[in-house]
Every structure is written in C-alpha cells, then in structure tokens.
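**Q** This is the structure, below, for whatever I ask next.
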Amino acid sequence: MYAVELRGRPVASSSLVWTGDPEAGRKYLDRALSFCSKDSVSNKVVPFLSLQTMADSDFPHGRRYYTKSGNFTCLDDTTMDRMVEAVATIPSSDTMIELAYLGGAAGQVTAQGTAYGDRSATFCHDFAGDWEESSADAENIAWVRGLFNTLRPAMKPGVYINFMSGDEQDRVPEAYHERWDRMVAVKSYYDPNNFFR
C-alpha cells in the first residue's frame, strides 16, 4: 500500500471515525475521503475493540516514550507552520505530532458529566516522542519539550491525562479543571491508602 521510497520519511495522515450506523455516516465519510488520493484510502467497518487497539503495535513495550499534550481553540497559520518546521528536526522517525478534533458527540457532554477535562477546546495535540535507545533520551525529550514550549502561548489551559508523561504532576489539576476537587474527594474516600496510584 505504501511506496518503499516513502519509508522513514515524514508523512501526514488522517483518520476519520464514525461511531454509529455505518450507512448513516457513509455520506459524510465519502465526502471527506473524496479529497484524498484513492490509493491512499482505507475505509472499513471495525468493531469498537479493534478501533481501541489498532495502534497498540505502534507502541511496543521496551521502547522509550515521552509525550506532552495540550489544547487549542484554533490552529492558526503560525501554529501550523511551527509544527511543520519542527518535523525537520525530529530526532526519531517514530516520533509523531498528533492532532485530534474534539467536536461531535464528545463536545455535547456537559463539563460536569465526566472527569474528562476541557470539552470546549477544538483540538487536542500530542507530541509523542518514540525512540529505541536510552542514550537518545535527552535529545528526544528536549525535542518534545521544545516544541511544546514554543506552542504553549497558543494553547488554552488543559491537557488530556492519557497524553502526559510522568514528570508533569504539576499539570494533573489542569487535566480536570473545576472537577479536580471532586476527583480528590472521591479518591480520598474510596482509596485513602492510595492503592490505585
């Protein structure tokens, strides 16, 4: 499916997901996919479990990972230019810049409805460093932090908890916003000895 000459080079890809009746979503997906080259499109119905695990093989145990995440209200030209420019300096060909659109049904849940943080952000990003050797830790972590710090002024407060590295304990309240105090109270009541840490 992919040309051999493109392996190891930076690429852009997009994934679209319709959760619901496949026939009801077909017209929307077909329209979006019509902008793509036909030989680059894969369109299939998959069970939810397959959707949730399809990227597992991209993150095998034993590799080195470091991520930083944040939210954007919009992706202006300057923000996009800085991300594209950063691709030229990625130290590992397995590192990704992920952008997720947060609209649709996820945005219709009330802020107090779940523990998930800011549903008013339009986009969530994950700068996902991925490399093999511990000797490359400093270079890869510095790249992720550098891009994050460059773009931080364009972000709104908030972070997706699953896209946080272990050195970001100070940002945990930012993940939950006004729900933080409620989370602490529930945790203190049901897990006073911090078993689920």
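**Q** Could you tell me whether VAL159 is open to solvent by less than 40 Å² (accessible area, probe 1.4 Å) and either acidic (Asp, Glu) or part of a helix (DSSP H, G or I) (or both)?
**A** Spelling it out, it is not the case that VAL159 is open to solvent by less than 40 Å² (accessible area, probe 1.4 Å) and either acidic (Asp, Glu) or part of a helix (DSSP H, G or I) (or both).
**Q** Still on this structure: Go through (1) over 25 Å from HIS61 (Cβ atoms); (2) of a type in the set (A, V, I, L, M, F, W, C); (3) in a helix (DSSP H, G or I); (4) open to solvent by less than 40 Å² (accessible area, probe 1.4 Å) and name the single condition ALA185 misses.
**A** Failing condition for ALA185: (4).
**Q** Something else: Does GLY158 meet the test of being in contact with a Gly (Cβ under 6 Å, 6 or more places away or on another chain), closer than 27 Å to PHE59 by Cβ and in contact (Cβ under 8 Å) with a residue 12 or more places away in the chain?
**A** yes
**Q** Can you tell me which residues in the stretch 132-155 are touching a residue at least 40 places away in the same chain (Cβ under 8 Å), aliphatic (A, V, I, L, M) and either open to solvent by 80 Å² or more (accessible area, probe 1.4 Å) or farther than 19 Å from VAL84 by Cβ (or both)?
**A** Answer for the stretch 132-155, where residues must be touching a residue at least 40 places away in the same chain (Cβ under 8 Å), aliphatic (A, V, I, L, M) and either open to solvent by 80 Å² or more (accessible area, probe 1.4 Å) or farther than 19 Å from VAL84 by Cβ (or both): ALA136, ILE141.
**Q** Need the failing condition index for THR67 against (1) farther than 29 Å from ASP170 by Cβ; (2) outside any helix (DSSP H, G or I), just the number.
**A** Unmet for THR67, out of (1) farther than 29 Å from ASP170 by Cβ; (2) outside any helix (DSSP H, G or I): (1).
A quick yes/no check of all residues on (1) over 24 Å from VAL172 (Cβ atoms); (2) β-branched (Val, Ile, Thr); (3) modelled with pLDDT under 90:
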site: THR79; (1), (2), (3): yes, yes, no
site: VAL84; (1), (2), (3): yes, yes, no
site: GLN108; (1), (2), (3): yes, no, yes
site: ALA121; (1), (2), (3): no, no, yes
site: SER134; (1), (2), (3): yes, no, no
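**Q** Here's another thing I want to ask about it. Hey, ASP126 hits all of (1) part of a strand (DSSP E or B); (2) touching a residue at least 60 places away in the same chain (Cβ under 8 Å) but one; which does it fall short on?
**A** All conditions pass for ASP126, except number (2).
**Q** Given the structure, is TYR190 modelled with pLDDT of 95 or more, out of contact with any helix residue (DSSP H, G or I) (no Cβ under 6 Å at 6 or more places or on another chain) and of a type in the set (Ser, Thr, Tyr)?
**A** Yes.
**Q** Would it be correct to say that ASP76 is under 29 Å from TRP143 (Cβ atoms) and open to solvent by 80 Å² or more (accessible area, probe 1.4 Å)?
**A** no
**Q** Follow-up question, since we're still on this one. Identify, please: which residue in the stretch 112-126 is touching a Ser or Thr at 6+ places or on another chain (Cβ under 9 Å) and open to solvent by 40 Å² or more (accessible area, probe 1.4 Å) and is, among those, nearest to THR67 (Cα to Cα)?
**A** The extreme case among them is PHE123.
**Q** How about the stretch 79-111: which of its residues are within 14 Å of the chain's Cα centre (by Cα), more than 15 Å from PHE148 (Cα to Cα) and open to solvent by 70 Å² or more (accessible area, probe 1.4 Å)?
**A** Listed by number, the list holds a single entry, TYR101.
**Q** Also: Tell me, which residue of the stretch 38-66 that is in contact (Cβ under 8 Å) with a residue 60 or more places away in the chain and farther than 20 Å from SER15 by Cα is surrounded by the most Cβ atoms within 10 Å (Cβ to Cβ)?
**A** The qualifying residue surrounded by the most Cβ atoms within 10 Å (Cβ to Cβ) is TYR66.
The values are calculated or read from the model by the stated rules, or taken from the named source; none is laboratory data. All values reported here derive from a predicted model rather than from experimental measurement. All Cβ positions, glycine included, derive from the backbone under ideal geometry; neighbour counts span all protein chains shown. Please note that ligands, DNA and RNA were not included when accessible areas were found on the heavy atoms of the full protein model with its side chains. Shrake-Rupley method; radii C 1.70, N 1.55, O 1.52, S 1.80 Å.
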